[in-house]
Amino acid sequence: MLAKNGRTGARGAEDVRAVAARDTDAVPAPDDAALLKMLYYMKLTRSLEFRIEKRLYRQGKIVGGVYVGRGQEAISVGAAMHIRRGGGETFDDIVSPSHRDMAVFLMQGVPPERILAQYMGRATGLTRGKDGNMHMGDLRHRLVAFISHLGDSIPVAAGCALTFRQHGTDQVSFCFFGEGATSRGDWHEGVNFAAVQRLPVVFVCNNNQYAYSTHVTRQMRVKCVSDRASGYGIPGESTDGNDVFAVYAAVGRAAARARRGEGPSLLEFVTFRMTGHSAHDDAGYVPKAQFEEWERKDPIPRFQEALLRRRLVDGAALREMESRIEAELDEAVAWAEKQPFPDPQECLSDVYHDG
Amino acid sequence: MALTTYVEAIRQGIWEEMERDDRVFVLGEDVGVYGGAFKVTEGMLDRFGEMRVIDTPISESAIVGAAIGAALMGMRPIAEMQFIDFISCAFDQITNFAAKNRYRWGAGVPIVIRGPSGGGVHGGPFHSQNPEMYFVHTPGLKVVAPATAYDAKGLIKAAIRDEDPVIYLEHKYLYRRIKEELPKEDYTVPIGRAAVRREGRDLAILTYGAMLYQALEAADVLAREAGLQTEVVDLRSLLPLDKDAILSAAKKTGKVLVVHEDTRTGGIAGEIAAIINEEVFEYLDGPVLRVTAPDTPVPYSPPLEEFFLPNKQKILEAARRLAAY
Amino acid sequence: MSAVHKGQRRAPAKRRPAAGAQPPPLEPLRNPGLTREQLLVMHRRLRQNRMLEEKLSALYRQGKIVGGLYSSLGQEAISVGSAYALAPGDLLAPMIRNIGSLLVRGVPPLSLFLQFLARRDAPTGGKDGTLHFDDLGRSIIGPISVLGTLIPVMTGAALAARNRGEDRVALTYIGEGGTSTGDFHEGLNLAAVLNLPLVLVVENNGYAYSTPAHRQFAVASLAARGPAYGVASESVDGTDVLAVYGATRRAAERGRSGGGPTLLECRAFRRRGHAEHDDMWYVPKEIVAAWEKRDPIDRFETFLVDEGHATRKDLRSVEAALADELEEAAQAALASPYPAPEETLKDVYAGNE
């Protein structure tokens, strides 16, 4: 199906240019432990989202909408590997994920059961029932909660980075958003501010080619989101978002640049939204052939094959990982389903600091 | 003794808080090198440096958004809107991000968004607005509007120290017209508390901002010409409102007139009248009246702006009507 | 405690001189095919722009102007050159420093004086000041004070024109400071995606109030933003009225032939403060001096004389005629009435006259 203005539809991975970054320092390749960690989180995310979208939602157990990032896991996972943790307030990075970045929450230490409780509107969800689905945050996990107004998180992420610069640390602010959000004024103001102030931000754009039913060619006229970078005087790169090695390398380089004080980067990862906008959307506007094409590029089997070829895992290890994940999630779902709803009076709590 | 103007009081308040607390910093357009369009931040760049006095691009949304991000990282930013009229450009960040953050995920946003509001300076529709009610209508925010130099300093300090987002509305008409002697010691003015500026039993005028002075002049006239003693209450804080002060004035006098420069429909006078009606109706000897600007944009030409703005004359007409009940 | 606490004001310390923009390399003016008559019309509008603003400035010093006054001194070639390159039916939306574009469109000086004097017979009837008025009969849409807002508005106007089958280009202006706004981004992106004939003239005059360009963005030229939106862009010397004219023609033709928007950066310098009250002490004097040598009107007059299109005497008599015209208009405006107070309540809604 051609977009109405005659331009062709979604790009395949072949069309993506992997623009080389300006710095020559390569980021060390992930070691075995890192590779296994990435595989685990990609699979955990896939399964958790499956449970939410295909089971719990259909059973009527989810409150409100469901937004998953199926097919886009390599972006969240490959990027989140570079989020520095464990050193405290002046060491740890900060991250502003979007609704397709379930893996970021998991990798920052939010257990699946809390996410399930969140989706089910329970008192023990991250927002205690005050907000739903992926609008989660917790500063102890260094997660800034985004809001539905996409693009608003960009200046906020820049502001976090501003403080890192004010304190003279080498902390980085990671900011995730879709290609649609880049059309927003707040996105522009935030990126420009980060650029002119040379702030340590890594802007991670998940270009999954659809913003609800709006194809990327109706969202912007540039071919790549990374083309926007030259308007701000910052480096821009476009990478295959279904290749977790490539994501890992690109984000690693951008984070290193930021830590060296060289300012922000705009990284575009091209992928495909393998679902509707949300669980209730059947994405009838997407040509079936495109789903089929991108199914063949699923980042998880692709990564597994690479690890099998390296003999880092074998079939048995994969099956073991899968059953471990399913067991974990069985427990998490059972726990979450037993969680109480919040007390109605909680509606009035926490509007202000003193209640 | 040295008298301090209203604008200088704001400047001192910010300066002292920046000395006292390293986390406090200022960002906005022309606030650094230029010292601010109204000189509120004059001298601060030299004293506190570029990391704490930041000249930004023309990006109100990013100014507030960045303030939110910095606040999440433990800082205490003061975001300036060069004219408060431009706060509309940051509406989303303020009402949807800052205001709801604590409620949704427990992370407070201790930011101050400040700027010059109000008319009477031939500013026209975009340099004279009183946007308070968009924010009074948003739970999670606080909104203050000082009318005296003492309060200007005390409230900016309170706002900076507050754990929640505060919209601090300075009235540009008062900047250099109001001066008083200020204490040397550190002090704050509590948010959520009104101040009785003049005592009386016959009727009460509740007001804020530049209208305080019009109300006080009207009270003088009423005393001279009719022997009426007017209680004048300076609200100072619009969210939270000092309900006790409002009810107390209503009970004491039985006759309440609310005066604000903001436009009529949806202005805070309606809210105050509703509160009085709900809680102390039995004490009233007459309806709650209001003197406000009409429901139009702020016009530019002097006769139009004069027609638009409440003033002593209009307050007197309403007060006399109320007194006659 | 610091000196400030004791109520003493410290004298402003020496500022780091801003890296203020130097003028671009000097190129001679080249006629893009205009007749002598057309060149002389442009000259007249340039002089009219300059002299009208001088008159406004004089009135300001006499305390007669209501509100603020914003000058386009040094930038007149941008307003006049660009507006002159449009067809009469093309949509034009001036910003605060584009009085010259209104003059090119035929807005009478009297209307402008009335606006600044807040009189009843001004286009807004005294409701708003400066250039904040529309004149749809002349295809003019007026600005508000919030920068950037005209860009989405003009995108929409161009869209409507196209939907109605009208061949109309939409041109508006934005300062380099205004390009930092969200509305700039959303408007230009939308115009790009819809492939509309928008000509966006970016007046890079070096300063947004006290904020120099290098604090506004991190690119050397705003023409870099064109490809970042997928649109054509150019950067020209804004003190060369013929270069501005030529570039605007190209942009308008591109729009008309379905080539979409153009971002046209015109480089000049704001030779007066942000507004009349601002003496721009923060701008290094050498920068101002460098740009004063590039006065757009002097350059154009020299061109006219050198090319034999006019003598210096001709040019002076144009000035003299303009002086009389402008004085007459100013006096008429000064003598005209203020609006009646009740006019405040009119025209909030339709049917509310």
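The values are calculated or read from the model by the stated rules, or taken from the named source; none is laboratory data. Values in this document were obtained by computation on a predicted structure and should not be read as measured data. Here Cβ is always computed from backbone atoms with ideal geometry, including for glycine, and neighbour counts include all displayed protein chains. Remember, those area values only see protein heavy atoms, side chains included, never the ligands or the DNA or RNA. Shrake-Rupley method; radii C 1.70, N 1.55, O 1.52, S 1.80 Å.
The table below lists the values:
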item: Every residue from the range C:160-186 that is within 14 Å of another protein chain (Cβ to nearest Cβ) and surrounded by fewer than 24 Cβ atoms within 10 Å (Cβ to Cβ); result: C:R162, C:G178, C:D183, C:E186
item: Breaking point among (1) open to solvent by less than 30 Å² (accessible area, probe 1.4 Å); (2) touching a helix residue (DSSP H, G or I) at 6+ places or on another chain (Cβ under 8 Å); (3) charged (D, E, K, R), for C:R294; result: (2)
item: Qualifying residue in the range B:278-294 (condition: within 11 Å of another protein chain (Cβ to nearest Cβ) and touching a strand residue (DSSP E or B) at 6+ places or on another chain (Cβ under 8 Å)); result: yes
item: Test: residue in the range A:132-146 that is in contact with a His (Cβ under 9 Å, 6 or more places away or on another chain), open to solvent by 10 Å² or more (accessible area, probe 1.4 Å) and either assigned to a helix (DSSP H, G or I) or within 7 Å of another protein chain (Cβ to nearest Cβ) (or both); result: yes
item: Top-ranked residue of the range B:288-306 - restricted to ones that are open to solvent by 40 Å² or more (accessible area, probe 1.4 Å) and out of contact with any Leu (no Cβ under 8 Å at 6 or more places or on another chain), ranked as nearest to B:V258 (Cα to Cα); result: B:D295
item: Residue list for the range A:299-309, restricted to those being touching a residue at least 12 places away in the same chain (Cβ under 8 Å) and open to solvent by 20 Å² or more (accessible area, probe 1.4 Å); result: A:R302, A:Q304
item: Restricting the range B:237-258 to residues that are open to solvent by less than 10 Å² (accessible area, probe 1.4 Å), among the hydrophobic types (A, V, I, L, M, F, W, C) and not in a helix (DSSP H, G or I), the residue that is farthest from B:N277 (Cα to Cα); result: B:L238
item: Count - residues of the range A:186-235 that are more than 22 Å from A:A158 (Cβ to Cβ) and over 21 Å from the mean Cα position of the chain (by Cα); result: 4
item: Unmet criterion (only one of (1) away from chain C (no Cβ under 14 Å); (2) open to solvent by 10 Å² or more (accessible area, probe 1.4 Å)) for A:V204; result: (2)
item: Extreme residue, most open to solvent (accessible area, probe 1.4 Å), among residues of the range B:96-124 that are among the polar types (S, T, N, Q) and at the interface with chain A (Cβ under 10 Å from one of its Cβ atoms); result: B:N96
item: Unmet requirement for C:G308, which otherwise passes all of (1) surrounded by fewer than 12 Cβ atoms within 10 Å (Cβ to Cβ); (2) touching a residue at least 12 places away in the same chain (Cβ under 8 Å); result: (2)
item: Qualifying helices (runs of 4 or more DSSP H) (wholly inside the range B:123-230; at least 3 residues being over 25 Å from B:L309 (Cα atoms) and touching a residue at least 12 places away in the same chain (Cβ under 8 Å)); result: B:149-161
item: Index of the failed condition, B:T4 passing every other in (1) open to solvent by less than 10 Å² (accessible area, probe 1.4 Å); (2) hydroxyl-bearing (S, T, Y); (3) within 9 Å of chain C (Cβ to nearest Cβ); (4) touching a strand residue (DSSP E or B) at 6+ places or on another chain (Cβ under 9 Å); result: (1)
item: Matching residues in the range A:297-355 - criterion: being closer than 30 Å to B:E163 by Cβ, assigned to a helix (DSSP H, G or I) and either among the hydrophobic types (A, V, I, L, M, F, W, C) or in contact with a Leu (Cβ under 9 Å, 6 or more places away or on another chain) (or both); result: A:C347, A:L348
item: Residue in the range A:123-131 that is facing chain B (nearest Cβ under 7 Å), open to solvent by 10 Å² or more (accessible area, probe 1.4 Å) and free of Cβ contacts under 8 Å to residues at least 40 places away in the same chain present; result: yes
item: Flag for A:S265 being among the hydroxyl-bearing types (S, T, Y), open to solvent by 10 Å² or more (accessible area, probe 1.4 Å), within 14 Å of chain C (Cβ to nearest Cβ) and farther than 24 Å from A:Y285 by Cα; result: no
item: Test result for B:E16, under 24 Å from the mean Cα position of the chain (by Cα), within 10 Å of another protein chain (Cβ to nearest Cβ) and free of Cβ contacts under 8 Å to residues at least 60 places away in the same chain; result: no
item: Near pairs, Cβ below 7 angstrom, 6+ apart or cross-chain, from the range C:141-153 (touching a residue at least 24 places away in the same chain (Cβ under 8 Å) and more than 18 Å from A:E189 (Cα to Cα)) to any residue that is open to solvent by 30 Å² or more (accessible area, probe 1.4 Å) and of a type in the set (A, V, I, L, M); result: C:I141/C:V153; C:P143/C:I96
item: Search result, residues across the range B:48-76 that are under 18 Å from B:V33 (Cα atoms), touching a Ser or Thr at 6+ places or on another chain (Cβ under 9 Å) and more than 7 Å from every other protein chain (Cβ to nearest Cβ); result: B:V53, B:I63
item: Residue within the range A:148-156 that is within 10 Å of another protein chain (Cβ to nearest Cβ), farther than 23 Å from B:I58 by Cβ, open to solvent by 10 Å² or more (accessible area, probe 1.4 Å) and under 19 Å from the mean Cα position of the chain (by Cα) present; result: yes
item: A:D343 out of contact with any helix residue (DSSP H, G or I) (no Cβ under 7 Å at 6 or more places or on another chain), open to solvent by less than 80 Å² (accessible area, probe 1.4 Å) and either away from every other protein chain (no Cβ under 14 Å) or in contact (Cβ under 8 Å) with a residue 24 or more places away in the chain (or both); result: no
item: Search result, residues across the range B:272-312 that are in contact (Cβ under 8 Å) with a residue 40 or more places away in the chain and polar (S, T, N, Q); result: B:N311
item: Of all residues in the range B:295-316 being touching a strand residue (DSSP E or B) at 6+ places or on another chain (Cβ under 8 Å) and not in a loop (DSSP other than H, G, I, E, B), the one that is farthest from the other protein chains (Cβ to nearest Cβ); result: B:I315
